[in-house]
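These notes concern the structure reproduced below.
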């Protein structure tokens, strides 16, 4: 088994608790699903949010999904002028047999524009 990192991002419609929780759940489920990962494959997950998202911790959505024994961390993105607003990102470390080039990074909703080089 190898440790790999997988990235993902999603743009949230509004700085509202339910929006943040729903978008985080959607993103995390997509990262797991597109790669064939199970929650047990997760080693750790780092979530970041742009400065305009403060209504809830994204990690709480993972806890609600039953991911309770994985270290989770929330942090703020730097406030770059002109950056895409209301974006949640994740960096997950996983145990997998996938080769690095087979790991599918996931960018959803408006965040898909951040990585136009990746298949959606």
Report summary line: Restricting attention to the range 1-18, the residues that are in a loop (DSSP other than H, G, I, E, B), touching a strand residue (DSSP E or B) at 6+ places or on another chain (Cβ under 8 Å) and surrounded by 14 or more Cβ atoms within 10 Å (Cβ to Cβ) number exactly 1
Requested in this report: Determine which member of the set 32, 21, 28 is crowded, with 18+ Cβ neighbours inside 10 Å and under 12 Å from residue 108 (Cα atoms).
Outcome: 28
Requested in this report: Tally the residues that are touching a helix residue (DSSP H, G or I) at 6+ places or on another chain (Cβ under 7 Å) and closer than 17 Å to residue 55 by Cα, restricting the search to the range 74-89.
Outcome: 3
Query raised in the report: When only residues in the range 71-91 that are part of a loop (DSSP other than H, G, I, E, B) and in contact with a strand residue (DSSP E or B) (Cβ under 7 Å, 6 or more places away or on another chain) count, which is surrounded by the fewest Cβ atoms within 10 Å (Cβ to Cβ)?
Result: 71
Query raised in the report: Among (1) part of a helix (DSSP H, G or I); (2) free of Cβ contacts under 8 Å to residues at least 12 places away in the same chain, which single condition is residue 68 missing?
Result: (1)
Query raised in the report: Out of all the residues in the range 27-52, which are under 17 Å from residue 91 (Cβ atoms) and either in contact with a helix residue (DSSP H, G or I) (Cβ under 6 Å, 6 or more places away or on another chain) or assigned to a helix (DSSP H, G or I) (or both)?
Result: 27, 28, 29, 30, 31, 32, 34, 35, 39, 41, 47
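Of all residues in the range 96-120 being part of a helix (DSSP H, G or I), under 17 Å from the mean Cα position of the chain (by Cα) and modelled with pLDDT of 85 or more, which is surrounded by the most Cβ atoms within 10 Å (Cβ to Cβ)?
Ranking the qualifying residues of the range 96-120, first place goes to 111.
The values are calculated or read from the model by the stated rules, or taken from the named source; none is laboratory data. Since the structure is predicted, the reported quantities are computational estimates derived from the model, not experimental observations. With ideal geometry, Cβ positions are generated from the backbone for all residues, glycine too; neighbour counts draw on all protein chains shown.
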